[in-house]
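A.B. asks: Quick one: the structure is below, questions incoming.
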């Protein structure tokens with residue numbers, strides 16, 4: 001009789017060990033599945049934000065020629081209503097995280113955000129100094145360039 005009780009006890013212990021191992025395996029599988037889900041959620045969020053940036057950049061790129069026409073018209077007409085429209089558009093772009101590239105006269109040329117359309121030689125100016133902004137450039141406040149500023153640059157010999 002003792003052999004049967006020992007065998008029964010061993011079977012019970014083995015079954016309990018197997019169940020413990022199975023529970024541990026299932027816990028590990030669940031932990032991996034939750035980690036995979038968390039990684040997927042983060043990736044989808046990151047990709048969604050990247051897509052928003054791309055869509056915003058494309059939309060703004062299509063509007064910039066219209067914006068340029070408004071600037072040109074304002075220079076010739078000096079109309080107060082047009083100035084208010086331009087100011088409103090600029091503040092709307094700023095709210096979207098889009099700003100003008102600094103290309104004011106006297107700033108230094110930066111090939112990452114400026115495009116030299118014309119060069120001039122003026123000994124009274126620094127080499128690489130922007131002489132004039134021809135077309136405004138735009139960029140995301142924290143992110144990629146949408147369009148470089150087109151400028152005239154001073155080159156000293």
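A.B. asks: Here is a list: 126, 112, 105. Which entry is loosely packed, with under 11 Cβ neighbours inside 10 Å and in contact (Cβ under 8 Å) with a residue 24 or more places away in the chain?
C.D. replies: Values: 126 fails: loosely packed, with under 11 Cβ neighbours inside 10 Å; 105 fails: loosely packed, with under 11 Cβ neighbours inside 10 Å.
None of the others qualify; the one that does is 112.
A.B. asks: Sticking with this one: Is at least one residue of segment 42-53 within 20 Å of residue 150 (Cβ to Cβ), in contact (Cβ under 8 Å) with a residue 40 or more places away in the chain and assigned to a helix (DSSP H, G or I)?
C.D. replies: Of all residues in segment 42-53, those within 20 Å of residue 150 (Cβ to Cβ) come to none.
Taking every residue of segment 42-53 in turn, none turns out to be within 20 Å of residue 150 (Cβ to Cβ), in contact (Cβ under 8 Å) with a residue 40 or more places away in the chain and assigned to a helix (DSSP H, G or I).
A.B. asks: Determine, yes or no, whether residue 89 is closer than 25 Å to residue 55 by Cα and in a helix (DSSP H, G or I).
C.D. replies: Values: closer than 25 Å to residue 55 by Cα: yes; in a helix (DSSP H, G or I): yes.
Here the answer is yes, as residue 89 does meet what is asked.
A.B. asks: Take the residues in segment 129-144 that are closer than 19 Å to residue 96 by Cβ and surrounded by 15 or more Cβ atoms within 10 Å (Cβ to Cβ); name whichever of them is farthest from the chain's Cα centre (by Cα).
C.D. replies: Narrowing segment 129-144 to residues closer than 19 Å to residue 96 by Cβ: 136-144.
With surrounded by 15 or more Cβ atoms within 10 Å (Cβ to Cβ) added as a condition, the list becomes 136-140.
Working: 136: 20, 137: 17, 138: 13, 139: 10, 140: 7 Å.
Checked segment 129-144; the qualifying residue farthest from the chain's Cα centre (by Cα) is 136.
A.B. asks: Quick check on segment 40-60. Is at least one of its residues in contact with a helix residue (DSSP H, G or I) (Cβ under 8 Å, 6 or more places away or on another chain), modelled with pLDDT under 95 and surrounded by 10 or more Cβ atoms within 10 Å (Cβ to Cβ)? Steps first, please.
C.D. replies: Residues of segment 40-60 in contact with a helix residue (DSSP H, G or I) (Cβ under 8 Å, 6 or more places away or on another chain): 60.
Now restrict to residues that are modelled with pLDDT under 95: 60.
If we keep only those that are surrounded by 10 or more Cβ atoms within 10 Å (Cβ to Cβ) too, we end up with 60.
Yes, segment 40-60 has at least one match.
The values are calculated or read from the model by the stated rules, or taken from the named source; none is laboratory data. Only a predicted model underlies this, so the values are computations on that prediction, with no experimental measurement involved. When we count neighbours, we look across all protein chains shown, and the Cβ atoms used for this are built from the backbone with ideal geometry, even at glycine.
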